[in-house]
Amino acid sequence: MSKKILLINPWIHDFAAYDFWLKPLGLLYLGGLLRQNNYQVYFIDCLDPYHPAMLQGNRKQPKRHSYGDGKFFRQIITTPGPLKMFDRRSYCRYGITPEIFREELKNYPDTDIVLITSMMTYWYPGVFEAIKIIKEVLPSVPIVLGGKYATLCYDHAIKFSGVDFVIAGAGEKPVLQLLKDLFREEPSFVPDSENLDSLPCPAFDLIRKIDQLPITTSRGCPYHCSYCASHIFNDEFRRRDPVKIVDEIECWQIKSGVINFSFYDDALLVKPQEMIIPMLKELKRRNLSCQFHCPNGLHLREIDKELSELLYGSGFKTIRFGFETADFQRQKQTGGKVINEELLNGVRHLKNAGYKTEEIGIYLLCGMPGQSAAEVSSSIDFVRESGAKPVLAEYSPIPGTKMWEEAIASSSFDIQSEPLYHNNTLLPCRSNVFSYADYTELKKKLKNN
Ligand code: B12
Ligand code: SF4
């Protein structure tokens, strides 16, 4: 087989975007699988913060940090109609310019098929802009869209994206099937969907400059929180072999000198004896020195003395925990993943292990349907008193979640037909008990101290 497949990571269009260890992991997993099936795989990353053509002229390199996070290139663009009433910030395209994207596309005139990914539902305008340009430069090449937006807003994507195929959910099997149908070639390698270790490594070597790499030790989550879409992507919680994960880390450290790794798991710490403890012990045995970052919330309930010391000693530099609220009723109603006592215990162990207050980030969801500013404010106080750092995470309503109907009923925006209104920056479910002014006050409260 020698068909040529072009992978595209499209732009982000938003009021703000920061590269919190953000990489198109799902798309690069597909890239690895397609290469294993002898396809020729190429990649254009619209978000590439190191694209050399962007540095010609007087544009500056966006500021990047030693942990692998940092700023993207950006250009201010017109705010889309539905968001015009939100005039607090300018709307931007994050990533390379459309001209550079066009030039990149011209390097692949004999592409057989394009696979484009999508992240947040409300980032779809960046996806659509990329699709429009691909259609202009490569008019006869079929385009397949998948990822978060394609899954959560499938009907919207079918109706408005302009692609030839939209695939919802995990892409491995459907993509192989589609290629088989289109090109009439049997795949030589089909992974076992029950065994995550049967998936080939993501095609990380396609990234121009690897300043950090994302890792997942699992897919799915054993919890079912009412605001979360995890179960829509993976209905079961499946894990890899911890030793295979250490092999992957070691391989990238040796091959490309990578030190920084970010975990994209939904439930990295759950049942620590099955995953995190053996994995970190194996890393230590092999004498690998890494820096780990967990921008996605970890589970506080699992934190004890042993685990805190292991995390600290293994180079877990960025740790964030999903606590969401100190209100017991809401903790229970939304899924019961944590209670206040577990936060207090967890923070105590983390501090004893060596973490400082500002290093222990505790996510607090704000702006959930019916949630008052007073609840968020007392949750901030509770986290502070525990000795950790509160981090506000504005609620983004997600189709298909248990909270979705409540979100529709409580939002003054038409979140059902316009995914732009899922944008957390808007506080889509703000109300008379949680207004934008309340939010600004809470942000001020976080800054003082
Ligand atoms: C890691 C992560 C982050 C990271 C990195 C972002 C990223 N790369 O997505 C960070 C920490 C930055 C982040 C931030 C936020 N996130 Co987040 N994040 C995730 C998480 C946990 C994993 C994503 C991932 O890469 N998974 C692993 C890969 C392997 O899976 P995948 O991407 O789905 O890929 C598969 C399929 O989608 C498909 N596929 C993918 N691409 C393609 C392409 C084609 C052609 C095909 C056919 C198939 C296909 O095949 C792949 C392999 O099976 C998801 C939850 C989840 N379980 O997915 C939430 C999730 C995407 N985040 C979510 C939210 C709410 C947020 C925040 C708004 C939280 C907040 N309130 O602050 C912020 C937004 C920040 C911002 N504005 O910048 C929501 C989505 C919200 C939305 N409206 O779209 C999710 C779904 C979690 C949830 N709560 O339910 N997030
Ligand atoms: S919020 Fe966290 S614990 Fe709850 S279902 Fe989602 S990933 Fe799992």
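Would you mind telling me the antiparallel percentage of the DSSP bridges in the chain, rounded to 5?
Beta bridges within the chain, antiparallel portion: roughly 25 percent.
Tally Lys/Arg at +1 and Asp/Glu at -1 over every other residue whose Cβ is under 12 Å from the Cβ of Ile210; what's the total?
Values: positive: Lys23, Arg208, Lys209, Lys255; negative: Asp45, Asp48, Asp205, Asp211.
Every neighbour counted, the sum reads 0.
Give the aspartates and glutamates whose C-alpha is closer than 14 Å to that of Lys284, dropping any in the same chain fewer than 8 places away, or say none.
Reachable aspartates and glutamates: Asp247, Glu250, Glu309.
Projecting each Cα onto the charge dipole of region 212-447 (Lys/Arg +1, Asp/Glu -1 at the beta carbon, about the Cα centre), which of Ser411, Gln253, Ser226 comes out farthest on the positive side?
The Cα lying farthest towards the positive end belongs to Gln253.
Stokes-Einstein at 20 °C, 1.002 mPa s, Kirkwood radius from Cα pairs: D for the chain in µm² s⁻¹? Intermediate results must be reported in sequence, preceding the final value.
Numbers: Rh = 23.0 Å.
Rounded, D is 93 µm²/s.
Toward the positive end of the charge dipole of region 4-183, about the Cα centre and with charges on Cβ (Lys, Arg +1; Asp, Glu -1), which of Thr151, Pro139, Gly81 goes farthest?
Gly81
Restricting attention to region 237-304, which trypsin sites (Lys or Arg not before Pro) occupy a DSSP loop and are surrounded by at most 16 other Cβ atoms within 10 Å?
Within region 237-304, the qualifying trypsin sites (Lys or Arg not before Pro) (loop, at most 16 other Cβ atoms within 10 Å) are Arg286.
Return, in residue-number order, each cysteine of the chain whose C-beta is not under 4.7 Å from any other cysteine's C-beta.
Cys46, Cys92, Cys153, Cys201, Cys221, Cys251, Cys290, Cys294, Cys366, Cys429
As a test of the formula, what do you get for the chain when each DSSP H run with n ≥ 4 contributes -39,500 (n - 2.57) and the sum is divided by the residue count, at 222 nm and rounded to the nearest 500 deg cm²/dmol? Show your work: numbers first, answer last.
Numbers: 15 runs with 151 residues, N = 449.
After summing the helix terms and dividing by the residues of the chain, the value is -10000 deg cm²/dmol.
Of the listed peptides 115-121, 81-87, 290-296, 138-144, what is their order by residue-averaged count of other C-beta atoms within 10 Å, with the highest listed first?
Working: 115-121: 24.0, 81-87: 12.9, 290-296: 19.7, 138-144: 15.7.
In decreasing order of mean packing, 115-121, 81-87, 290-296, 138-144 become 115-121, 290-296, 138-144, 81-87.
From the backbone phi of region 315-332, what are the Karplus-calculated ³J(HN,Hα) couplings (6.51 cos²θ - 1.76 cosθ + 1.60, θ = phi - 60°) in whole Hz, Gly and Pro given as x?
x, 6, 8, 10, 10, 10, 10, x, 10, 6, 7, 9, 7, 4, 4, 5, 4, 5
Can you compute the charge dipole magnitude of the chain about its Cα centre, using +1 on each Lys and Arg Cβ and -1 on each Asp and Glu Cβ, nothing else charged? Give it in debye, rounded to the nearest 20.
Working: 54 positive and 54 negative charges, 247 e Å.
Taking the Cα centre of the chain as origin, the dipole is about 1180 debye.
Values in this text are rule-based calculations from the coordinates and carry no lab data. All values derive from a computational prediction rather than experimental measurement. A quick note on method: Cβ atoms are made from the backbone with ideal geometry, for glycine too, and the neighbour counts reach across all protein chains shown.
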